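Have a look at the structure below, then the notes.
The values are calculated or read from the model by the stated rules, or taken from the named source; none is laboratory data. No experiment lies behind these values; they were computed from the predicted model shown. All Cβ positions, even for glycine, are placed from backbone atoms using ideal geometry, and neighbour counts span all protein chains on display. Side chains included, ligands, DNA and RNA excluded: accessible areas come from the protein's heavy atoms. Shrake-Rupley method; radii C 1.70, N 1.55, O 1.52, S 1.80 Å.
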Amino acid sequence: SISKYLAENLCKQFSKDWDVSTDVIRIFNVYGEGQSSSFLVPYVLNKIINSEILEIRMQNAIRDFIYISDVINAMILLTKYSNSNFNIYNIGTGISTRIMDLINLVEEICNKKANIVLKDHYEGELNIMVANNSKAINELKWGIEFDLEKGLHSMISNK
């Protein structure tokens, strides 16, 4: 979090000092085909599909899961948008999903029950992270094409 904050401030200062249009995108929990299982969505999918133990730290944490195609569309639109100065865009669905609800949805789609082991969470880890994407929607005319269920089906069908 600190490194992201510092990087955004460096971009803001660069924009001001050099009078260069600079945009920062804050991508929330992106997921999609080919993603490493060190990320939550492919981790959950792989563990449930393979009937392996699923270790979860914060089952009630709330996240905003956004499919990679929607992120790419936002990036493309941003390259076409004419603006000035410094701007920050949150790229997420704006939809809050509990980690346990993600697991339940994967169980339902795969028609398999997860073998869950609860672990202690890391100190300082945020419980809620959901995008306010209104600026991206309004200025870039960006829209979400994949809800979580559609994105998960796409990932599973491409395994």
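What does the helix-only formula give at 222 nm for the chain: each DSSP H stretch with n ≥ 4 adding -39500 (n - 2.57), the total divided by the residues, and the result rounded to the nearest 500 deg cm²/dmol?
-13500 deg cm²/dmol
Rounded to the nearest whole Å², what accessible area per residue is found for the chain with the 1.4 Å probe?
About 61 Å² of surface per residue is accessible.
According to a simple spin-label model (label point 7 Å from Cα along Cα-to-Cβ), what is the distance in nm between Met75 and Asn111?
Once both label points are built, they end up 3.6 nm from each other.
Hydropathy at least -1.0 by Kyte-Doolittle, axial extent at least 18 angstrom from the Cα trace: which helices of the chain, defined as entire DSSP H runs, fit?
Values: long enough: 2-18 (24 Å, -0.61); 68-80 (19 Å, 1.28).
Qualifying helices: 2-18, 68-80.
With all protein chains present, how much of the accessible area of the chain (probe radius 1.4 Å) comes from carbon and sulfur, to the nearest whole percent?
Carbon with sulfur: 52 percent of the solvent-accessible area.
Could you pull out every one of the lysines with an alpha carbon less than 21 Å from that of Lys150, ignoring same-chain neighbours closer than 8 positions?
Lys150 reaches Lys47, Lys112, Lys113, Lys159.
Under a Cβ-Cβ cut-off of 13 Å, what is the net charge of the residues other than Val117 that fall near it, where Lys and Arg count +1 and Asp and Glu count -1?
0
In terms of Cα to Cα distance under 13 Å, which aspartates and glutamates are near enough to Lys16, apart from those fewer than 8 places away along the same chain?
Correct list for Lys16: Glu8.
In a Gaussian network model over the chain where Cα atoms closer than 10 Å are linked, find which of Asp147, Asp64, Asp120 has the largest mean-square fluctuation.
Asp120
Computed FRET efficiency, Cβ-Cβ of Leu10 and Ile128, R0 25 Å: what is it to the nearest 0.05?
0.40
Rounded to the nearest 5, what % of the DSSP beta bridges within the chain are antiparallel ones? Intermediate results must be reported in sequence, preceding the final value.
Numbers: 2 of 17 bridges.
Around 10 percent antiparallel, to the nearest 5.
About the Cα centre of the chain, what is the dipole size in debye to 20, counting +1 per Lys and Arg Cβ and -1 per Asp and Glu Cβ, all else neutral?
The calculation lands at about 60 debye.
Once you list every other residue whose beta carbon is under 12 Å from the beta carbon of Asp70, what net charge do they have if Lys and Arg are +1 and Asp and Glu are -1? Don't skip to the end; give the middle numbers.
Details: positive: Lys150; negative: Asp64, Glu145, Asp147.
Summing Lys/Arg as +1 and Asp/Glu as -1 gives -2.
Among Thr97, Ile156, Leu126, whose Cα projects farthest towards the positive end of the dipole of segment 64-159, with charges put on the beta-carbon of Lys, Arg (+1) and Asp, Glu (-1)?
After comparing all options, I get Ile156.
So for the chain, considering every pair of alpha-carbon atoms, how many percent are separated by more than 25 Å?
For the chain, the fraction of Cα-Cα distances above 25 Å is 38 percent.
Any idea how far the Cα center of segment 80-153 sits from the one of segment 1-44, in Å?
Taking the Cα centre of each part, segment 80-153 and segment 1-44 sit 14 Å apart.
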